[in-house]
1. So which of Thr154, Thr212 ends up being of a type in the set (Ser, Thr, Tyr), under 30 Å from Asn73 (Cβ atoms), open to solvent by 30 Å² or more (accessible area, probe 1.4 Å) and out of contact with any Phe, Trp or Tyr (no Cβ under 6 Å at 6 or more places or on another chain)?
2. Taking the stretch 108-122, which residues are surrounded by fewer than 20 Cβ atoms within 10 Å (Cβ to Cβ) and either farther than 16 Å from Ala252 by Cα or basic (Lys, Arg) (or both)?
3. So, in the stretch 159-208, how many residues would count as being among the polar types (S, T, N, Q) and closer than 17 Å to Gly122 by Cα?
4. Looking at (1) surrounded by fewer than 19 Cβ atoms within 10 Å (Cβ to Cβ); (2) within 16 Å of Thr346 (Cα to Cα), which one does Thr234 not meet, given that it meets all the others?
5. Please verify whether the stretch 36-47 includes one or more residues that are of a type in the set (S, T, N, Q) and open to solvent by 30 Å² or more (accessible area, probe 1.4 Å).
6. Can you confirm whether Arg292 is more than 21 Å from Leu82 (Cβ to Cβ), more than 12 Å from the chain's Cα centre (by Cα) and assigned to a helix (DSSP H, G or I)?
7. On the basis of being at pLDDT 95 or above and of a type outside the set (Gly, Ala, Ser), does Trp327 make the cut?
8. How many residues does the stretch 247-280 contain that are farther than 12 Å from Trp314 by Cβ, of a type in the set (Gly, Ala, Ser) and out of contact with any Leu (no Cβ under 7 Å at 6 or more places or on another chain)?
Amino acid sequence: MCLRSPSRRPSGTGPSTGGGTAPSLLRGRAVWLTALGWVSANALTLVLAGRRLPLDLHDAGERTTSAYLVDLNVRLAEVLLLMALVFLLTRRRTRPDLAARAPERATALRETLLLLAYGAGGLALGFAVGRAFGWHPFGLHLAGSMNVTNDHVTRAEAIAWAGYNLVVFAIAPLVYFRRRYSARALNLVSADRRGDLRLVVVVLLVEAAVQTAALRPEIFDLGARQLLLGAPLTFVLYMAGTVLPTMVFVHAILIPRFARLTGSTATTVIFGGVVYAALHVSDSWAEYGSPRAAAVSIAFLLLTYFGPGMVKAWLTVRTGNAWVHVWAYHALAPHTLVDTPHVAHTFGIHR
């Protein structure tokens, strides 16, 4: 978590979007449209997938589509409860005015559209680079992360994936925007270090407990050498390949602009969830070989990543600090907790 004091450079003015009361958040049209979209994604998956998902998941031949959907809806319920917990922990804090950290509306719109186009281009180039070397397309997750596939990942692929994402989605955008905006305008400093630390600890403990109970991660089956070498390696690899790219691209740059353009906390959080899901469109388990498989892949992608994306956005909206989500709900849990066995296997770290 960055401990620098906020910059005094002005960054615009605008309405506060740090979150209102729970009833006011739930009454928004965007919330109800999102709920309709969620139900539609469930129905689309059931209708098009049939009994088995046409996706490259390691257990797709053993589990029914409905079993997957039950898990994903339970995960959404956990996400909503976690967001409620964050609301309670931050209810007495001064709400950050994220809209004021973005430029005036016309500039914010132009920068948002250009950044989204840049992100799409980065994903397309990552697809081409991965395929050119005989690897999986580069998305925001290394092949085999979280949703396990049957494919093998090499060390070279893992390192190239992390380096590519770090440069394209973190370093390049940060260098460009940092020349024009202060660290505070990019949500890179804390206005309440003690409050942020308390929030990180509580959310991390809760999420780690949930991940452990729900996923039963294989990290607890690793030997001492695998843990000592694999856990730090996983932390560094995923910090470069997914955590920092998410933090910079979505939470430092896009979230304040969403707040400025929408004037709505709920819509800002929803947009954060949608963009986070879109950045995983190249996940190795997705299949785009037919219209049916592509539709199922996109629906499953939204059902998988939209909720976690909303939690990350909610943490940023409530604190004004993009670093909070890094430590509370990304770098350690789930990635280091869940993906250490995958990285240990990829790099040949034995007991």
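The values are calculated or read from the model by the stated rules, or taken from the named source; none is laboratory data. Treat the numbers as computed from the prediction; the structure is a model and nothing was measured. Backbone-built Cβ (ideal geometry, glycine too); neighbour counts: all protein chains shown. Calculation scope for accessible area: heavy atoms of the full protein, side chains included, ligands and nucleic acids excluded. Shrake-Rupley method; radii C 1.70, N 1.55, O 1.52, S 1.80 Å.
1. Values: Thr154 fails: under 30 Å from Asn73 (Cβ atoms).
Only one candidate qualifies: Thr212.
2. Arg110, Ala117, Ala120, Gly121
3. Within the stretch 159-208, the first condition is being among the polar types (S, T, N, Q), and the residues that meet it are 165, 182, 187, 190.
Applying the additional criterion that residues be closer than 17 Å to Gly122 by Cα yields 165.
Of the residues in that region, 1 qualify.
4. (1)
5. So in the stretch 36-47, the residues of a type in the set (S, T, N, Q) come out as 40, 42, 45.
With the extra rule that they be open to solvent by 30 Å² or more (accessible area, probe 1.4 Å), the set shrinks to 40.
Yes, that holds for at least one residue.
6. Working: more than 21 Å from Leu82 (Cβ to Cβ): yes; more than 12 Å from the chain's Cα centre (by Cα): yes; assigned to a helix (DSSP H, G or I): yes.
Answer is yes for this residue.
7. Working: at pLDDT 95 or above: yes; of a type outside the set (Gly, Ala, Ser): yes.
So Trp327 passes the test.
8. 3
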